[in-house]
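I'd like to ask you about the structure that follows.
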Amino acid sequence: MSKKPAAPPEKLQAPTEVIEAKDDLKKLIISSLQDIMPPSQAKQAAERVTSKAGRLILSMTKMHSGPMPTPEFADGYERVLPGSTERMFRMAEKDQDAFIQSHENKQRRDHAFRITALLAGVIALCLILGVAILFAFWGMEWLAGSVVAMGAGGIIATLVNAASPIKPQKPKSEDRSGK
């Protein structure tokens, strides 16, 4: 199957509307001015403007923000490179999938770190209690009490903080349009 050669690229511009009918222009001016002046004055202003304007060109600018082009620009890209719009959508979908996967991986790593820290705290607590029992068995109760007081307080606080659930984090809203 042979592909047709792509049409030469055209300059893509915002659409421009030409209003040649003076009646349409009058109506537009009157409706715009009625909010700020009485209707009779709005009609007079519209008459003055349309009597002096032979041909008036109104320009309309469309603003667009986002990762995907507007339909008009997408059509232009398709004319230049057939299949390009589909590729852009695939790229945007892959980017979104990668962002979601990255967020899920971060949550998984955070969870694994919390479990590891919790287990390390339990082991440290057991070691501190074992050393305290050993000192108490050797008759050094004051040393056993010191070990328990210094170590267990911090470890218990850490265990309490590690075991409390953290609210799930929502991804920060980012402007992913590339600006």
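Read-outs: derived from the displayed coordinates by stated rules, not from any lab. Remember, it's a predicted structure, so these values are computed and weren't measured experimentally. All Cβ positions, even for glycine, are placed from backbone atoms using ideal geometry, and neighbour counts span all protein chains on display.
Just to check I understand the Karplus step: with θ = phi - 60° and J = 6.51 cos²θ - 1.76 cosθ + 1.60, what whole-Hz values come out for the range 66-78, glycine and proline as x?
Karplus-based 3J(HN,Hα) across the range 66-78 equals x, x, 9, x, 5, x, 5, 5, 4, 4, x, 4, 5 Hz.
Karplus couplings for the range 80-97 from phi (6.51 cos²θ - 1.76 cosθ + 1.60, θ = phi - 60°), rounded to Hz, Gly and Pro as x?
Per residue, the Karplus-derived 3J(HN,Hα) values read 6, 9, x, x, 5, 5, 4, 5, 5, 5, 4, 4, 5, 5, 5, 4, 5, 4 Hz.
How far is it, in nm, from the label point at ARG90 to the one at ARG114 when both lie 7 Å from their Cα along the line to the Cβ?
Modelled inter-label distance: 3.9 nm.
Classify the range 105-163: rounded, prolate or oblate, from the alpha-carbon gyration tensor (a ≥ b ≥ c, eigenvalue square roots; a/c under 1.5 rounded; otherwise prolate if a/b is larger than b/c)?
prolate
Just order 100-109, 42-51 by mean Cβ neighbour count inside 10 Å, highest at the front, would you?
Going from most to least packed, we get 42-51, 100-109.
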